[in-house]
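Since the structure comes first, as structure tokens, the remarks are kept for the end.
The values are calculated or read from the model by the stated rules, or taken from the named source; none is laboratory data. Note that the structure is predicted; figures quoted are calculated from it, not measured. Glycine gets a Cβ as well: all are built from the backbone with ideal geometry, and neighbour counts include every protein chain shown. Accessible surface areas use protein heavy atoms only, side chains included; no ligands, DNA or RNA. Shrake-Rupley method; radii C 1.70, N 1.55, O 1.52, S 1.80 Å.
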Amino acid sequence: MNDAMKIRVNNFDLIRLLAALQVAVKHCLVHFEVGTNYIDFLSIFPGVPIFFFISGFLIFTSYKRSKLLYNFAVNRVLRIFPALIICCFVSIGLAASTGFLTTEIIFNQKFFIWVLAQLSIVQFYNPDFLRQYGVGVMNGSLWTISVELQFYIITPVLAFLVLKKKWVWAALLVTGVAANLAMPFVPGEFFAKLYSVSSIPWIYMFIGGALFTELPKLQEKILNANLWLLLFLYLLSCFCTVRFGLGSLGNDIGPVNYLLLVLLIFKLAFSQPGLSEKILRKNDISYGIYIFHMPILNWVMYKHAYSNQASVAFVLLLTICVAILSWFLIEKPALSLKEKL
């Protein structure tokens, strides 16, 4: 099997699904205040860093393969924006159904600006009038969509630099890791928040994934490594991190833990590479789960219609149903336009 086929036949769709579920389940447990021990366990395998690594690996591969910037841009737009646009209006509809979004709010200039932000590249923008709804942010998960879109914009520049000068990989990785470690030290609440939702502190995760595409010997070593050994090393590193106060887990995972995590993820992606296709049948509801779970969670929380335990189950079940509808009615038809465009 050649390298191109190896990349195409993998379990990344299944891993993305599990990562999206990790994010959705953790948000439910946190906001409905259920199962602190489960929250700590879920933080060991953080969905967002996994997304960023897989994105770096697949997006960089896609860009090198697309040959034309137009093709690359069209593919990215078709993957992100159709479902994102629907999600925005579903969020508005759910909030309006609770009575929270009055005509006074909807016809306010700030609401119009918020809608534009949701449909562009600054999804992290959250005006003050939304602080009284649900958890205080209409769809807090979408800050990572903004980061992803920044990654897409950076990709052509990244490829231009690293494919000509290989040493640039090391320079960018070192700079990216330093930017991540500097996140707690950014002065000012506003600037610290803006910094954390930009691509700057997360870029090393994306670059790390992109770098994997250029290291076939490392890929081979990982594929030949023992899966249980990689899992043991990662869990041991996580234990030492918590036990000796060397950092934190979750999205703020340190560079060492992140490296061990991506080695494990890469191994899983190409172990029994047909597993994902057998289970999912080339259907990918991970994106729908990721973008729709918080609007549903906020809707349930604002209505106070369910107990904490029931809320978790209801939100997750409804999210999966909406994600399935999103895939078959919105995302899959949109992706089918790639060849036509």
**Asked** If you check 168, 177, 186, which single one turns out to be out of contact with any strand residue (DSSP E or B) (no Cβ under 9 Å at 6 or more places or on another chain) and within 21 Å of residue 124 (Cα to Cα)?
**Response** 186
**Prompt:** What single numbered condition from (1) within 28 Å of residue 263 (Cβ to Cβ); (2) open to solvent by less than 40 Å² (accessible area, probe 1.4 Å); (3) free of Cβ contacts under 8 Å to residues at least 12 places away in the same chain fails to hold for residue 37?
**Reply:** (2)
**Request:** Can you give me the number of residues within region 279-324 that are of a type in the set (S, T, N, Q), open to solvent by less than 60 Å² (accessible area, probe 1.4 Å) and farther than 23 Å from residue 82 by Cβ?
**Result:** 1
**Request:** Among what's in region 58-88 and is open to solvent by 50 Å² or more (accessible area, probe 1.4 Å) and of a type in the set (Val, Ile, Thr), pick the residue that is farthest from residue 150 (Cα to Cα).
**Result:** 86
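Take the residues in region 45-94 that are aromatic (Phe, Trp, Tyr) and without any contact (Cβ under 8 Å) to a residue 12 or more places away in the chain; name whichever of them is farthest from residue 11 (Cα to Cα).
Ranking the qualifying residues of region 45-94, first place goes to 89.
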**Request:** Show the residue pairs that are 6+ apart or on different chains and have beta-carbon atoms under 7 Å apart, the first residue being within region 95-116 and part of a helix (DSSP H, G or I), the second being β-branched (Val, Ile, Thr).
**Result:** 111/105
**Asked** For residue 276, are the conditions met, namely being surrounded by 15 or more Cβ atoms within 10 Å (Cβ to Cβ) and either touching a Pro at 6+ places or on another chain (Cβ under 9 Å) or assigned to a helix (DSSP H, G or I) (or both)?
**Response** yes
**Message:** Of the residues 97, 141, only one is open to solvent by 60 Å² or more (accessible area, probe 1.4 Å), in contact with a helix residue (DSSP H, G or I) (Cβ under 8 Å, 6 or more places away or on another chain) and of a type in the set (Gly, Ala, Ser); which?
**Reply:** 97
**Complete:** Exactly one of 125, 70, 38, 63 is farther than 30 Å from residue 303 by Cα, modelled with pLDDT under 95 and touching a helix residue (DSSP H, G or I) at 6+ places or on another chain (Cβ under 7 Å), and that residue is 63
**Item:** Subset of region 157-170 (residues that are open to solvent by 40 Å² or more (accessible area, probe 1.4 Å) and out of contact with any helix residue (DSSP H, G or I) (no Cβ under 6 Å at 6 or more places or on another chain))
**Value:** 157, 160, 163, 164, 165, 166, 167, 170
**Asked** Pairs, please: C-beta under 9 Å, at least 6 apart or cross-chain, first residue more than 18 Å from residue 141 (Cβ to Cβ) and in region 319-333, second in a helix (DSSP H, G or I) and of a type in the set (A, V, I, L, M)?
**Response** 329/86
